[in-house]
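See below for the structure under consideration.
The values are calculated or read from the model by the stated rules, or taken from the named source; none is laboratory data. The structure presented is a predicted model; accordingly, all values stated were derived computationally and were not measured. Virtual Cβ from ideal backbone geometry, glycine too; neighbours counted across all protein chains shown.
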Amino acid sequence: MDIQQGIIAVGNQLQLQLRLKCSHELTIGFIGGSITNGTGASASQNSYVSMFENWVSTVNPNCRVINAGIGGTDSEYGSLRLKRDFPELPDIMIVEFSVNDKRACNEESFETLLQKLIICGVQPIVLENFRYFTTESYGSIHTKIASKYAVPILNVQSIFSQEELANEVLMHRYSEDGLHPIDVGHDLVFKLMKQFFMISENYLGGSYNRVLIPAKELKTKTDTNVQVISLMDYKFRDGILIGDLGKSFEWNGVTSYLGIQYRRTKGDNPFYLELIIKYGNKSQSYELFVDHSDSHGDLLMISDLWEAKQLIEVSVTGFLRSKGSKVGNPIYLSGLIVNGKV
């Protein structure tokens, strides 16, 4: 038995990864028959969709899973009810009808369903189950159609060797009626899906979802030494000048990354920013010096400060400090950089 063998086609991975990265508010839909609905599992939380939902929430806490599995239905009904069951179509749709698509019209209806999803900008993933006692499945037809559109294909039967498929005792461990997987069978389907999605698990990383929060939108001190200002140079729009020692600004939000954008000045400036980042029961401090005597002039700079493996609530407080006794020039802060919806 090899879970990896169940990944028949990874499809257009670049397209899938871009879709996974497009927003932290990711929606994954499931449409299919009784197996997707959870039949055979001893409890709803033991179905493969529920197990996948629990796992994906640890990777992306803002991922939403919608299960539209209905027992005894085929892809024709799935295509007809698509907009009814998904008024707002998801980013990714897992399609599972391989044990129900036994009518002559289903080859056309399955292709129609995939076409509808692709035209509407949904990334489909085809999941093919099988009948455990007879190995009967219509997955080969689905494979042919999905391959034409470079759609990812996951096939549960391919996890098993021919010897394992012929082992009746082994097959009864996964299904009691030969059609619906029991808990251990649902767990196998979940592991196959998890294995596939882990190929693109890094979708929370990188800089794709980073956005600039203009400094003028930060909560600042209410005194004349923290001024909202837009300099003539377009690079330094919507920032603030900070010229008073002590607490200057704060920001609270949900992110997995923090950076800062500021104006680097020429020469020696004793003022610097200390940023305190708090998350959970932890706290980290960063010092930002904006003066550079070797600079040829003012430059727009971006500094990475902090990064986590998942989205969490973060509190950022900025303090203006001095490394000497002399008076410094105000520091110009352009904004904070966080992970946000593109």
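Couple of notes before you dig in:
- Test result for Leu188, assigned by TED's automatic domain parsing to the domain that holds Leu82, aliphatic (A, V, I, L, M), out of contact with any helix residue (DSSP H, G or I) (no Cβ under 6 Å at 6 or more places or on another chain) and outside any loop (DSSP other than H, G, I, E, B): yes
- Scanning the stretch 256-288 for residues being within 23 Å of Val314 (Cβ to Cβ) and assigned to a strand (DSSP E or B) gives a total of 22.
- Conditions (1) under 21 Å from Asn155 (Cβ atoms); (2) in a helix (DSSP H, G or I); number of the one not met by Gly40: (2)
- Filter result for Ser79 (assigned to a loop (DSSP other than H, G, I, E, B) and assigned by TED's automatic domain parsing to the domain that holds Leu179): no
- Subset of the stretch 87-115 (residues that are more than 27 Å from the chain's Cα centre (by Cα), of a type outside the set (Asp, Glu) and more than 27 Å from Gly178 (Cβ to Cβ)): Thr112
- Test: residue in the stretch 120-141 that is among the hydroxyl-bearing types (Ser, Thr, Tyr), in a helix (DSSP H, G or I) and in the same structural domain as Glu88 (by TED's automatic domain parsing): yes
- Residue that is within 14 Å of Met193 (Cα to Cα), in contact (Cβ under 8 Å) with a residue 12 or more places away in the chain, in contact with a Cys (Cβ under 9 Å, 6 or more places away or on another chain) and not hydrophobic (A, V, I, L, M, F, W, C), where the choices are Glu76, Glu53, Glu96: Glu53
- All positions within the stretch 19-44 that are at pLDDT below 90 and either more than 15 Å from Ile125 (Cβ to Cβ) or touching a helix residue (DSSP H, G or I) at 6+ places or on another chain (Cβ under 6 Å) (or both): Leu20, Lys21, Cys22, Ser23, His24, Glu25
- Residue check for Ser161: farther than 25 Å from Ser50 by Cα and at pLDDT 85 or above: yes
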